Every structure is written in C-alpha cells, then in structure tokens.
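The values are calculated or read from the model by the stated rules, or taken from the named source; none is laboratory data. Everything numeric here is computed off the predicted structure, so don't read it as measured data. So basically every Cβ, Gly included, is an ideal-geometry build from the backbone, and we count neighbours across all protein chains shown. Heads up: the accessible areas ignore ligands, DNA and RNA and are worked out on the full protein's heavy atoms, side chains in. Shrake-Rupley method; radii C 1.70, N 1.55, O 1.52, S 1.80 Å.
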Amino acid sequence: MTPLLTVENLTAAYGSSQVLFDVSLSIAEGEVLALMGRNGMGKTTTIRTICRMIQASQGTLNFAGDDLHSTTFRRAPHKAARLGLGLVPEGRRCFPTLTVHENCLAAARVPKWASRAASHWDFATVCKLFPRLEERRHQKADTLSGGEQQMLAIARALMTNPRLLLLDEATEGLAPTIRTEIWNAVGTLKNSGLSILVVDKTLSEVLTVADHCVMLEKGVSVWSGKPADMTTDLTHRYLGV
C-alpha cells in the first residue's frame, strides 16, 4: 500500500541554524503515528516543514501523491493545506476575538476527497465530538479555558475535512480530566479511519492510540517501530530527562 505521507532524509533550518538533519517517517491511510523525542529535538519543526510553514533544504516530502518539496509548494502552506493537511498547532492559536462558531466557520471547507467519506465534518459533527463547544458557541475564543481552546483548535482543523490531522502537543499544560477528554476524542477520530500524526509528552496516553512511533534525537530519526517494540532502554535513552 502506498503511504499517505512519506518523508525521507528531510533537512530544514531556521535561517543559518539547521534543526533537521535526517528525518524519515511514513503514515498510511488510517494510521496514527506518534512523533517522539525530548524538547528541542525537531518534532515541531518536522510538522511545520510538512505543512510548508518552513522550507525543506533537502529530502523527499510526498503527500497523497504530491511532491511538497517541489517549486509549486515551496513557501505555500495554503496549497499544502488544500491537499488535506489539517494542523492543530502548538499553542492552539485560536482567533481570539471570534466566537467558537466563527472560528470553526473560518476554516470550514468540503474538499473533493471528503465526498468519498461516510460523513463530513461540520459544526454539528465537531460539537458531537466536543459537546462543550456547542455550549460555548457564542463565546469569544479568548474567554475560553485552555482545555476549551484546545478542543476548538482541533475542531477548527477538522472543519477543513483533512486527510491527515497533525496534532502538535495536543494536551500540553491541560488538567488531567481535560487530557482524558482530548485523548478519548483522538481515539474516536482514529476509529473513524482518520490518519493522524501526533506529538505529545504523555507517553502512557499517546501509546494507547499510536500504531507506529518515530523517535527524533537532535533532528535525526533514530528509531522507528510499533509501541509494543519500545523498550525501557529506548525510552530512557531518547525520552528520559
């Protein structure tokens, strides 16, 4: 089966500061991939490069048959998004002066691949995933709690009807009860067949939804495998503080 996303030997930099040196990973349709590593190892930079927010220096970056490293997509994140990349960025970045409903409507889109799905994501369906958003639909985003803003950030990405959802630190800084609610929602999305790339520090929780894991160390892919294959030595070497 051809992967939905293929990243091979990816390098990227912020100006003259190189961050990614050799990152490789792949995600199949309906698969959940956990991108793991300590802080500063290149996880967020990898996601930003996939989404074309940062230009790759070298490597292969192919999504749904399109070469995202080609001239067409360089410095054009909106073109990559239209292919079906739905980003939930670190820090949520909701539109603060728009209401919950307006935040979702701002991203709403029914692309051509959604016509093949059993259902589309719209405001009604994202509110079934996160009922609290229906209760807060007329509230401005900057009046929501951190957990509610995270729910809104995920709902907004789903409103684009993505083929691949990228979750960058989906539960960082949230209360345990909210984290549980977010992870339950991720499990629901996985069961629906949505492909997901997730970055999160809560190892015990992320491994409950991940089909495959890739570990980064100083901008290099150092291990790839199934959660069941992870050993204490691996987690201590690449994830321990």
Note down all Cβ pairs under 6 Å where the first residue falls in region 43-54 and is within 15 Å of residue 83 (Cβ to Cβ) and without any contact (Cβ under 8 Å) to a residue 40 or more places away in the chain, the second is open to solvent by 10 Å² or more (accessible area, probe 1.4 Å) and in a helix (DSSP H, G or I), and they're at least six residues apart or on different chains. 52/77; 53/77
A careful count of residues in region 225-241 that are out of contact with any helix residue (DSSP H, G or I) (no Cβ under 8 Å at 6 or more places or on another chain) and open to solvent by less than 70 Å² (accessible area, probe 1.4 Å) gives 7
Out of curiosity, is residue 194 surrounded by fewer than 17 Cβ atoms within 10 Å (Cβ to Cβ) and under 20 Å from the mean Cα position of the chain (by Cα)? no
Could you please let me know if residue 38 is touching a residue at least 24 places away in the same chain (Cβ under 8 Å), over 25 Å from residue 210 (Cα atoms) and open to solvent by 10 Å² or more (accessible area, probe 1.4 Å)? no
Those strands (runs of 3 or more DSSP E) completely within region 191-240 that have 3 or more residues that are free of Cβ contacts under 8 Å to residues at least 24 places away in the same chain are 220-225
Single match in 181, 169, 205 (criterion: farther than 16 Å from residue 26 by Cβ and open to solvent by 50 Å² or more (accessible area, probe 1.4 Å)): 181
Among the numbered conditions (1) closer than 26 Å to residue 62 by Cα; (2) hydroxyl-bearing (Ser, Thr, Tyr); (3) open to solvent by 70 Å² or more (accessible area, probe 1.4 Å), tell me where residue 97 comes up short. (1)
Take the residues in region 4-35 that are of a type in the set (Ser, Thr, Tyr) and closer than 23 Å to residue 203 by Cα; name whichever of them is surrounded by the most Cβ atoms within 10 Å (Cβ to Cβ). 26
I need the full set of residues from region 145-185 which are under 22 Å from residue 45 (Cβ atoms) and among the hydrophobic types (A, V, I, L, M, F, W, C), in order please. 153, 154, 157, 164, 165, 166, 167, 170
In region 49-62, how many are in a helix (DSSP H, G or I) and either surrounded by fewer than 22 Cβ atoms within 10 Å (Cβ to Cβ) or hydrophobic (A, V, I, L, M, F, W, C) (or both)? 1
So which residues in region 39-71 are touching a helix residue (DSSP H, G or I) at 6+ places or on another chain (Cβ under 7 Å) and not aromatic (Phe, Trp, Tyr)? 51, 52, 53, 54, 56, 61, 64, 66, 68
Taking residue 144 and the conditions (1) within 20 Å of the chain's Cα centre (by Cα); (2) surrounded by 20 or more Cβ atoms within 10 Å (Cβ to Cβ), which numbered condition does it fall short on, given that it satisfies the others? (1)
Residue 9 vs (1) on the phi > 0 side of the Ramachandran plot; (2) modelled with pLDDT of 90 or more; (3) part of a loop (DSSP other than H, G, I, E, B): all pass except (3)
Anything in region 66-90 that is touching a residue at least 40 places away in the same chain (Cβ under 8 Å) and either open to solvent by 60 Å² or more (accessible area, probe 1.4 Å) or touching a Lys or Arg at 6+ places or on another chain (Cβ under 7 Å) (or both)? List them, or say none. 84, 90
